[in-house]
Amino acid sequence: MDPTSSPTSWSASDWSDATMGHSLRLAAESMCVFGGFLAASINVVRGDHLVTVAVAGIERVITASGEILGVDEILGRTIPVSVLEELVLAQADDWGVLKYVPHTRSGLEQVGWRVDMPYDGSEWHPDDMLLVPVRDDDGRLRGLMALDGPTDGLIPTPERRPLLQQYAAQAARVLLTAIERSDLNERVRLAEAAREVLGRAAQSKSPEAALRDIADDLLSAFGLTALRGTVFESTDRHLLLDAGSASGLQHSPSLTRIGRIAAERLWRQQQVAVLGRTQTVNSDGADADRALVRAYIEESGLESILIAPLGAGDQCLGALAMYRVAGAPPWTEIECSVVQEIGRDLGRILSISRALGLERQATEELREVDAYKSRLIATVAHELKNPIAAVRANLDEATQLSSELTGPTDPAADAGLRRSLAAMDRGVHRLSTLVEELLLLASTADPNAYPVEPIEVTDLVETAVGHALEGAGAGRSRVRLELPEEPVPVIGNAHGIEIVVVNLVSNALKYSPADSPVTVRLRHGEPHEVELSVIDEGIGISEADQAELFTEFFRSTNPAALEQPGTGLGLTIVDRIVRRHRGRVTVESELGCGSAFRVLLPAR
Ligand code: ADP
């Protein structure tokens, strides 16, 4: 009798190497001829089942249930490895390579098939078994040869056994080589498929795109009917992709819950799990859950479901579910390990994309806050503009009136009035400067302000220096202007560059003694750069202050600097406008000696 007889069957043509299938049949045939048997079958371990891949010597067999089948129909029949080991081999007489299992041992009636021939009462009973288990170097069962129907009708005698053992050992070697070669072929095939698939996935922008790009290859490489990728959210799941016939598969919330619990456990164990009609790998869940999944497999016409966790670090981020249609082969160990690898790589893509997503979201939020701040500043400044203008106009009128006052006056009251008016005028002036600078600051956040174009900056610098001198009430001689003979073209915004020059020169004038010189130098700097320097011999800036110079509203802690009116916005505006030009501002300064501000702009 042959022990492999579970009712599920699948085509034996799945034996990955046709030549190898042929040589296995030859091995079985020669075992029949030289060993003197009517039938021999060859079976290999796939996953946790033993599968019949070749039968020699006979046309028909009788199954344990009495059914008569053609040989082709028993190809692909399976039996769990555990049943073979624990029920059959455990009860066998150990003849060395050969294991003899008399039909009288218990429980054997449920397993196997036998040669279809009448029992003539000979010593060999049709339900006896003579088996050659094939184990690898680690002692793992990899295959099995079963011999049936000795031509002489006798149980091999101890004298006959050594020769039989020799044949059997040879056949076992052939079988092990074939299995290992087939495994190797499969590993190479899957590794190549996986490498290609993952190479493509790594180039995808999002996990959804990664999975979409590789879905077809996964479906064909693993012979799937459907594929489903899910990402776990805190309380829910988010569908990454349904491929193949997955959208037609219904999923109840309880199945989703079971899948998630399984994926989280599997990620901790770094494994995949399979639950199928005949195959169970790493399925540790509750019995009720398993029954639910089995019922689902049955109803949906599936053979098995493989769950691979998607994760990174110690976090399980999602799951890949792979579905095989009823009758499909069991999952091999190699397939499981390749899918596990794919899950790990997809998990990595998932976690990178999540981190990028969070970063993008944070940047977006910051940008929104920034835009809101700019809008707020612009609105407030704008609203303040009119009342300040009204106060200023009235103040000017009041000052005018006070100077025209005639008649008897009280000189003390008169002086007091003038002082008050002057103080109010200074206050209003500061207020309007603040409003102007706030509006300028808000404008630097407006993407449409300061559009750039090819411009020539020499004249522009000269004009801006003039404005700064005028604003500071200083004479032309305060500034030493060093401009090159040849034109200095840049890609920039004339108004923006003017604001930069006015601010830097105004500061240089403001923060240095009235008689000290200020140098403004324009020249071609590094290749493709234009350098504008504003150098003074004024109060200088401490190192600690230099670090904060370009921060909004920053004013120096130096009392000499604080004596001068200011808002702390000028350098922030300068920095932002220069950066809008893809340039940069640097500062070198020493307290008490002076400062040099340098603006570097890309040349045209
Ligand atoms: P403010 O309106 O106060 O001048 P800025 O942003 O232009 O604002 O400058 C910030 C601070 O940097 C100033 O308060 C001042 O202390 C310091 N600072 C700027 N330019 C100079 C300079 N040329 N020399 C010395 N200190 C300067």
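Annotations
- Taking the Cα centre of the chain as origin and assigning +1 to Lys and Arg Cβ atoms and -1 to Asp and Glu Cβ atoms, the resulting dipole is close to 440 debye.
- Neighbourhood charge, 12 Å Cβ-Cβ cut-off, centred on residue 48 and excluding it, Lys, Arg +1 and Asp, Glu -1: 0
- Scalar couplings 3J(HN,Hα) for the stretch 591-604, obtained by applying the Karplus form with A = 6.51, B = -1.76, C = 1.60 to θ = phi - 60°, are 4, x, 10, x, 9, 10, 9, 10, 10, 10, 10, x, 6, 6 Hz; x denotes Gly and Pro.
- Rounded, prolate or oblate (a/c below 1.5 giving rounded, otherwise prolate when a/b exceeds b/c) for the stretch 374-497 by Cα gyration tensor: oblate
- Between amide H atoms placed 1.01 Å from N, distances below 5 Å from residue 530 occur with 525, 601, 603, all of them 5 or more places distant or on a separate chain.
- Scoring 252-262, 210-220, 64-74 by mean Cβ neighbours within 10 Å over their residues and listing the highest first yields 210-220, 252-262, 64-74.
- The candidates 554, 232, arranged from most to least accessible area with a 1.4 Å probe in the full protein assembly, appear as 554, 232.
- Sorting the segments 388-396, 76-84 by their residues' average number of neighbouring beta-carbon atoms within 10 angstrom, most packed first, yields 76-84, 388-396.
- Gain on full extension, evaluated as 0.36 nm per residue between residue 233 and residue 270 minus their Cα-Cα distance, stands at 11.3 nm.
- Distant-in-sequence amide H partners of residue 143 (H built 1.01 Å from N, under 5 Å): 45, 134
- Karplus (6.51, -1.76, 1.60) ³J(HN,Hα), θ = phi - 60°, over the stretch 354-366, in Hz, Gly and Pro reported as x: 5, 4, 5, x, 5, 5, 4, 5, 4, 4, 4, 5, 4
- Spin-label model, residue 558 to residue 206: label points 7 Å out along the Cα-to-beta-carbon direction sit 5.3 nm apart.
- With each label modelled as a point 7 angstrom along the Cα→C-beta vector, the residue 596-residue 295 pair spans 8.4 nm.
- In Hz, Karplus ³J(HN,Hα) per residue of the stretch 496-512 (6.51, -1.76, 1.60; θ = phi - 60°; x = Gly, Pro): x, 5, 4, 4, 4, 5, 4, 4, 5, 5, 4, 4, 4, 5, 5, 9, 9
- On the beta carbon distance between residue 217 and residue 187, with R0 = 22 Å, the FRET formula returns roughly 0.85.
- FRET efficiency for the residue 543 to residue 482 pair, using the beta carbon distance and R₀ = 25 Å, is estimated at 0.35.
- Gyration tensor verdict on the chain (Cα atoms; rounded if a/c is under 1.5, prolate if a/b is larger than b/c, oblate otherwise): prolate
- Approximate spin-label separation residue 463-residue 375, in nm, with each point projected 7 Å along Cα-to-Cβ: 3.4 nm
- Relative contact order (%) - criterion: Cα under 8 Å, at least six apart; region: the chain: 9 percent
- Expected 222 nm ellipticity per residue - DSSP helices of 4 or more, -39500 (n - 2.57), all of the chain, to 500: -15500 deg cm²/dmol
- The Cα atoms of the stretch 476-546 cover 33, 31, 24 Å along the three principal axes, with the biggest extent listed first.
- Anisotropy class of the stretch 252-294 from Cα gyration tensor, a/c 1.5 cut: oblate
- Database remark: amide H of residue 457 closer than 5 angstrom to the amide H of 488, 490 (H placed geometrically; neighbours at sequence offset of 5 or more, or on other chains; Pro and chain starts carry no H).
The values are calculated or read from the model by the stated rules, or taken from the named source; none is laboratory data. Quick caveat: nothing in here was measured; it's all calculated off a predicted structure. Ideal geometry is used to build each Cβ from the backbone, glycine not excepted, and the neighbour counts take in all protein chains shown. To get the accessible areas, we keep the full protein, side chains included, count just its heavy atoms, and leave off ligands, DNA and RNA. Shrake-Rupley method; radii C 1.70, N 1.55, O 1.52, S 1.80 Å.
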